[in-house]
Amino acid sequence: MSTIAVNKRASFDYEIIDKYEAGLVLSGAEVKSIKTGHISLKGSFVTFRGTEPFLTNADIPFYKFAGNPANYDSRQPRKLLLKKSEIKNLLGKIKVKGLTLVPIRVYTKKRLIKLEFGVGRGKKEYDKRESIKQKENKRKTQRLLRNIG
């Protein structure tokens, strides 16, 4: 499994409760574009239309060697492939106030492109400051241990 794209803001803005893996419905040119590393999860989220999950607002530019498409939207919603039991579970979870579905990373599994997303609860401002302090303290201790050893 090689990671193609990571949503760094997901772990900073949200407290991830559960993680799920889903397949993406893509065209051939979109697959080529993703495998060359051209995808951005910044500002993207997972929504439901009825009972079907979609990855919304993820930017996948058209593969430059595949010609010029007439009406291609790089931020169009893309359908996610999940089991029925997982969809029912997710529908129940997002009805709870304050929970949202946040894409975490896109990666390849054998020859398939997968999306890892999580059920997250938004962090408050003071939680974000606390996580910044923890990261800085961890870096300081790592530097000290490196200098001593």
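The values are calculated or read from the model by the stated rules, or taken from the named source; none is laboratory data. These figures come from a predicted structure and were not determined experimentally. Don't worry about glycine lacking a Cβ; one is built from the backbone with ideal geometry, like all the others, and counts go over all protein chains shown.
Could you please find all residues in region 52-76 being aromatic (Phe, Trp, Tyr) and surrounded by 14 or more Cβ atoms within 10 Å (Cβ to Cβ)?
Residues satisfying the conditions are 54, 62, 63, 72.
Give the residues of region 36-56 that are over 13 Å from residue 115 (Cα atoms) and not β-branched (Val, Ile, Thr), sorted by residue number.
37, 38, 42, 43, 48, 49, 50, 52
Kindly check whether there is at least one residue in region 20-37 that is closer than 30 Å to residue 130 by Cβ, in contact with a strand residue (DSSP E or B) (Cβ under 8 Å, 6 or more places away or on another chain) and either at pLDDT 95 or above or in a loop (DSSP other than H, G, I, E, B) (or both).
yes
Residue check: is residue 97 of a type outside the set (Val, Ile, Thr), loosely packed, with under 10 Cβ neighbours inside 10 Å and modelled with pLDDT of 90 or more?
no
Answer yes if at least one residue in region 33-51 is closer than 23 Å to residue 2 by Cα and surrounded by fewer than 12 Cβ atoms within 10 Å (Cβ to Cβ), and no otherwise.
yes
Can you tell me which residue in region 17-32 is nearest to residue 57 (Cα to Cα), limited to those that are touching a Gly at 6+ places or on another chain (Cβ under 9 Å) and loosely packed, with under 14 Cβ neighbours inside 10 Å?
19
How many residues, within region 38-97, are part of a helix (DSSP H, G or I) and free of Cβ contacts under 8 Å to residues at least 60 places away in the same chain?
8
Please enumerate the residues belonging to region 103-130 that are of a type outside the set (S, T, N, Q), in contact with a helix residue (DSSP H, G or I) (Cβ under 8 Å, 6 or more places away or on another chain) and farther than 17 Å from residue 11 by Cα.
Correct list: 113 only.
Would you pick out the residues in region 3-19 that are basic (Lys, Arg) and not in a helix (DSSP H, G or I)?
19
Looking at region 116-140 only, could you name the residues that are basic (Lys, Arg) and farther than 29 Å from residue 21 by Cα?
Answer for region 116-140, where residues must be basic (Lys, Arg) and farther than 29 Å from residue 21 by Cα: 129, 133, 138, 139, 140.
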